[in-house]
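Coordinate-derived values only; no laboratory data. Model, not experiment: these values are computed from the prediction. For neighbour counting, all protein chains shown are included, and Cβ atoms are generated from backbone atoms with ideal geometry for every residue, glycine included.
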Number of protein chains: 4
Amino acid sequence: MESVIRLKVRYAETDQMGVVHHSVYAVYLEAARVEFLEAIGLPYAQVEARGVYFPVVELGLTFRAPARFGDVLEVRARLSGLSPRDLRFAYRVEREGALLAEGFTRHLCQVGSRAARIPEDLYRLLSKVYSGPPFGYSPAYPLTRQ
Amino acid sequence: MESVIRLKVRYAETDQMGVVHHSVYAVYLEAARVEFLEAIGLPYAQVEARGVYFPVVELGLTFRAPARFGDVLEVRARLSGLSPRDLRFAYRVEREGALLAEGFTRHLCQVGSRAARIPEDLYRLLSKVYSGPPFGYSPAYPLTRQ
Amino acid sequence: MESVIRLKVRYAETDQMGVVHHSVYAVYLEAARVEFLEAIGLPYAQVEARGVYFPVVELGLTFRAPARFGDVLEVRARLSGLSPRDLRFAYRVEREGALLAEGFTRHLCQVGSRAARIPEDLYRLLSKVYSGPPFGYSPAYPLTRQ
Amino acid sequence: MESVIRLKVRYAETDQMGVVHHSVYAVYLEAARVEFLEAIGLPYAQVEARGVYFPVVELGLTFRAPARFGDVLEVRARLSGLSPRDLRFAYRVEREGALLAEGFTRHLCQVGSRAARIPEDLYRLLSKVYSGPPFGYSPAYPLTRQ
């Protein structure tokens, strides 16, 4: 399963090179991840309301072409790794089908303020949509270093 | 009393006009306000630890000249309004003495999640450093609309 | 004329009070303004491509209730002031009809790097949609200090 | 050679988990990189003034412990990779000596709007301070995938 969000680049997201600042992509990925979770019936606000958190512990991004003010971007997200204690998402940022950036995030499960196993019901839901390392990442890539 | 912080404009804070994006000034003012509170013995982290918050309920900014990447800015803050339930700060953003922007913020006092009187000890400390509407703002300006 | 955009609060836009940080509203207003300009046939990217800029020279925001992660917000924009050299927008940020914040921005016209008259064709287009000070701002409010 | 900057976490940089949002670290790394370049006599503003850019093409971050509002962080930067067309920095984010995050960025050299060789004089300066993959990154880590 893969989710897609569409977003429009904001002026504030550009920098003086005239392109979207690289730090903003982490925010785009997050928006895509949130939508993914919502799509599978796990709205993140409700997850947090149970005291369960998935803080980002690893982030990787490769930039292939710049995005610009006003661009309409598509951000695709997939669950690309799942273990009892952590999970991993992979992302693609595209503009009209052209790949602008790709990335991944790794998340630990935390209950309250400590690392913990992913609660049973969440784990079951996530298992159903786990689709393995996507998008042809090579074995050398950290994505598979679980 | 007036506090001053010095900060260096970050690349990420610029936009494609080649200047600091206007939204970033709100962050600069906040950094100046935090330093002001620390200077008078009220570190905001400790204020919040008591369940006391001063959320921004009004913000005004006037931009006179742009700031650019690498500029070293001075941000001056003064407590310019104080009542039992709210307070107001006034700010100047300068570069080598030249005024780039000025602004104000108004804050309600909140204890837990509701509006409340400013706790006695905080109020006393704030009273000591309250210096009235500073920087020559004219009476028409919202700063004085308390 | 009034334009409306709908946006979903991003996690990154929250702060440790658990609400949208006040600086982010300037970004929301900007997104609404960009959409307004696009709706009247003046995509801002094309305006800039002609070397015409409308930098923000004044910003005012009043916060009435907090927005939270995941909230779907509506941001309404209107052209509330227009002169040969500057213009002014007024905004409302709402959630399901409830007013969360209102604000305004004032912009100078700049051609290349200097203040200038708004080019004829742009001025004509803007005149058509100028709708006066909206949303019942009181005369004391800076909006009317033109 | 290694440069170090000291910065204080801003309130706006926190999110509703009560910690610094992960996207902000990219901004911290950038501030450290800018300081590194300045320390070796290559102020980035002057580099850009010549039409030379080093856009980020890869970014990797590992988060070990959260940073919080008011924390004073040290961000260390080293030039960890250098070829005629790209370069790589490695970073550590620390608080009182404890490692909070580590990361790297890879940059292409661009002259005007196209990829290009790093200009001779810049390359010479960079060579002098190139110190190889630092901080004990293991061979499997992308840092060494040059």
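Work out the length of the dipole vector of the protein assembly as shown about its Cα centre, built from +1 on the beta-carbon of each Lys and Arg and -1 on the beta-carbon of each Asp and Glu, and round it to the nearest 20 debye.
Working: 76 positive and 64 negative charges, 0 e Å.
In debye, rounded to 20, the protein assembly as shown gives about 0.
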Whole-Hz couplings from phi, Karplus 6.51/-1.76/1.60, listed for segment A:105-112; x for Gly and Pro | 9, 10, 10, 8, 8, 9, 10, x
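Going by how many other beta carbons lie within 10 Å of each one, how would you line up A:Thr62, D:Thr105, fewest first?
In order of increasing Cβ crowding within 10 Å: A:Thr62, D:Thr105.
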Please list, in chain and number order, the residues 5+ apart from D:Val57 or on another chain whose amide H is under 5 Å from its amide H, with Hs placed from the backbone.
-> D:Arg106, D:His107, D:Leu108
Can you list the lysines whose alpha carbon sits under 21 Å from that of A:Lys8, skipping same-chain ones fewer than 8 residues off?
-> C:Lys8
Cα lying deepest toward the dipole's positive end in segment B:3-144, options B:Leu61, B:His107, B:Val27, charges on Cβ = B:His107
Using the Karplus equation 6.51 cos²θ - 1.76 cosθ + 1.60 (θ = phi - 60°), what ³J(HN,Hα) coupling, rounded to whole Hz, does each residue of segment A:65-77 give in order, writing x for Gly and Pro?
-> 7, x, 9, 10, 3, x, 4, 9, 10, 10, 10, 9, 10
Helix A:120-129 vs. chain A, principal-axis angle (Cα, 0 to 90°, nearest 10) | 40 degrees
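When only C-alpha pairs under 8 Å and at least 6 residues apart count, what is the relative contact order of chain B, in percent?
The normalised contact order for chain B reaches 26 percent.
Tell me the volume per residue, in Å³, of the convex hull enclosing the alpha carbons of the protein assembly as shown. Numbers along the way, then the final one.
Numbers: hull volume 89.2 nm³, N = 584.
Cα convex hull per residue, to the nearest whole number: 153 Å³.
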Given H placed 1.01 Å from N in the peptide plane, which residues other than close sequence neighbours of A:Leu100 have an amide H under 5 Å from its amide H?
-> A:Val93, A:Glu94, A:Arg95
Nearest 10 degrees, 0 to 90: what angle lies between the long axis of helix D:22-39 and the longest principal axis of chain D (Cα atoms)?
-> 50 degrees
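Arrange C:Glu94, D:Glu13, B:Glu96 by Cβ neighbour counts within 10 Å, fewest through most, would you? Each step should come with its number before you reach the end.
Working: C:Glu94 16, D:Glu13 26, B:Glu96 8.
The order, fewest Cβ neighbours first, is B:Glu96, C:Glu94, D:Glu13.
Dipole magnitude of segment D:3-144 about its Cα centre, charges +1 at Lys/Arg Cβ and -1 at Asp/Glu Cβ only, in debye to the nearest 20?
Numbers: 18 positive and 15 negative charges, 52 e Å.
Result for segment D:3-144 is approximately 260 debye, rounded to the nearest 20.
Given only helices, namely DSSP H runs of n ≥ 4 each adding -39500 (n - 2.57), what is the per-residue ellipticity at 222 nm of chain B, to the nearest 500 deg cm²/dmol? Spell out each step's value before the answer.
Values: 3 runs with 34 residues, N = 146.
Result for chain B, helices only: -7000 deg cm²/dmol.
Exposure proxy check: A:Ser23, A:Ser80, A:Ser127 ranked by fewest other beta carbons within 10 Å? Please report the intermediate quantities before stating the final value.
Numbers: A:Ser23 26, A:Ser80 23, A:Ser127 11.
Starting with the residue having the fewest Cβ neighbours, the order is A:Ser127, A:Ser80, A:Ser23.
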Evaluate the Debye formula for segment A:3-144 with equal point scatterers sitting on the alpha carbons, no solvent, and hand back log10 of I(q)/I(0) at q = 0.09, 0.11 Å⁻¹, in q order, two decimals.
-> -0.28, -0.42
